[in-house]
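Just so it is clear, none of the values below were taken in a lab; they were calculated from the coordinates. Bear in mind that the values here come from a model prediction, so they are computed numbers and not experimental data. Reconstructed Cβ throughout: ideal geometry from the backbone, glycine too, with neighbour counts over all protein chains shown.
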Ligand code: XLS
Ligand code: NI
Ligand code: NI
């Protein structure tokens, strides 16, 4: 097999002082952080759809990047070339995992049977490449949003035939996820939502989505899939309103339909900000509910109201993300999937490399910084102290669940003026964060 990224070398760690754009400045795979090598903390993954497929087309113009890899797009030859290119790319960037949708791998055929045959053929090849390279599948998924048949939803469609087509796609995507030893399976509901309540039975649609997910879990477990199922929340785009709005909404849905034992969340940075939350907020909500499963590591643009899927570079964001991840003890089956693409004018193969180097270095810095914040301990100590009034006296009684409302009312009547809540000291804490991050 001939080399595809011929002018691009294997990327090495050269340290922060290096001026070589094709080198890692901070990502040093083997370097231990809090007793574990960076590579294990971070588990980077390549998103097949952006890296191997997307050419930069947008609503106003065609693609600018050539991702043909020497074959004609839309053919099986091209599908195989993407595999060669993808594995060479992962090798050169030292990215250990990848993620895909069924539709990223092969061109869809006229019949489901032929599409599935193509999926079998390409995944046989991917399996061989995985064996040779040691690369692993972080998660698989089915694209149930691009084809016009899903115009009114997949699990939430008004058409039972389309619902069955979605079921068939999920079944096949689960089969190949299992075949390739995938650690997770994602549901991102791009078309699971509505444009107007005037034509929508929200309760019925949500119940149908839950039924489909239940069937997926039952089937997946029956074929031996032990990984995690994930919902990837996103509030809107392409739909005006998507059901999996944010982490809290998705958790409520999973509990309502008894899916919470098998599902966790895949939190995407850009989706968090679209929902009007910070990335850290979404991670925290997932974490405190035992559902922080995996992460789509990208970055949005707060001046734009859509999913720009940029490579992450904001080190405050990556720091606070890794802070949440470390606090929860790491991601069990999950990792950091670069659901990210180059900007349209950055259209050459070196740009693909620069995107990953940027993202991997930003997360390496985030990991180092987060470990420093934890080791410093001042934030933890402050938060603990802030709630000290609940460690003794009436506060302790409240927390232990022994207090009644009448008892608290009687206490309040007797105490006179309540104590003044201690200062939140936000600015002091922000200063501590800066000192820890930039102090040496
Ligand atoms: C789109 C989503 C999508 C999922 C996988 O906004 O982020 O790419 O990650 O279907
Ligand atoms: Ni995503
Ligand atoms: Ni997204």
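Kirkwood hydrodynamic radius for the range 310-354: how many Å is it when counted over pairs of different Cα atoms? Could the numbers behind the result be given before it?
Details: mean 1/r = 0.0800 Å⁻¹.
In the range 310-354 this quantity evaluates to 12.5 Å.
I'd like the antiparallel share, as a percent to the nearest 5, of DSSP beta bridges with both residues in the chain.
20 percent
Once you wrap a convex hull around the alpha carbon atoms of the range 1-70, what is its projected area averaged over all directions, in nm²? Don't jump to the answer; show the numbers that get you there.
On the way: hull surface 30.0 nm².
If you wrap the Cα atoms of the range 1-70 in a convex hull and average its projections, you get 7.5 nm².
By how many nm would the segment from residue 121 to residue 221 lengthen if fully extended, with 0.36 nm per residue of separation less the alpha-carbon distance? Write down the numbers at each step before the final one.
On the way: separation 100, 0.36 × 100 = 36.00 nm, distance 2.39 nm.
Gain on extension, residue 121 to residue 221, equals 33.6 nm.
Using alpha carbons only, what's the Rg to Rh ratio of the range 82-124 with Rh from Kirkwood? Don't skip to the end; give the middle numbers.
Numbers: Rg = 12.3 Å, Rh = 11.5 Å.
That ratio is 1.07, to two decimals.
For the range 1-49 and the range 161-202, what is the separation of their C-alpha centers, rounded to whole Å?
33 Å
Cα extents of the range 69-153 along the three principal axes, largest first, in whole Å?
For the range 69-153, the Cα spread along each principal axis is 40, 25, 20 Å.
Would you mind computing the Rg to Rh ratio of the range 357-412 from its alpha-carbon coordinates, Kirkwood style for Rh? Don't skip to the end; give the middle numbers.
Working: Rg = 19.9 Å, Rh = 14.5 Å.
My calculation of the ratio gives 1.37.
Based on the Kirkwood radius over alpha-carbon pairs, what value in µm²/s does the Stokes-Einstein equation return for the translational diffusion coefficient of the range 333-440 at 20 °C and 1.002 mPa s?
Numbers: Rh = 18.9 Å.
In µm²/s, the coefficient rounds to 113.
How big is the convex hull of the Cα atoms of the range 8-145, per residue, in Å³?
Values: hull volume 21.1 nm³, N = 138.
Roughly 153 Å³ of hull volume per residue.
Helix-derived [θ] at 222 nm for the chain: sum -39500 (n - 2.57) over DSSP H runs of at least 4, divide by residue count, nearest 500? All intermediate terms of the calculation are to be shown ahead of the outcome.
Working: 15 runs with 198 residues, N = 440.
-14500 deg cm²/dmol, from helical runs alone.
Return the whole-Å distance between the Cα centroid of the range 99-137 and the Cα centroid of the range 226-260.
The two parts, judged by their Cα centres, are 27 Å apart.
State the volume of the convex hull built on the alpha-carbon positions of the chain, expressed per residue in Å³ and rounded to an integer. Please list the in-between numbers first.
Working: hull volume 80.5 nm³, N = 440.
Spelled out: Cα convex hull of the chain, divided by residues, is 183 Å³.
Rounded to the nearest angstrom and ordered from largest down, what semi-axes does the equivalent ellipsoid of the range 257-407 get from its C-alpha gyration tensor (root of 5λ)?
Details: eigenvalues 264, 66, 40 Å².
After scaling each eigenvalue by five and taking roots: 36, 18, 14 Å.
Can you give the FRET efficiency to the nearest 0.05 for residue 376 and residue 417, using r as the Cβ-Cβ distance and R₀ = 41 Å? Don't skip to the answer; put the middle values down first.
Values: r = 36 Å, r/R0 = 0.88.
Plugging the Cβ-Cβ distance into 1/(1 + (r/R0)^6) gives 0.70.
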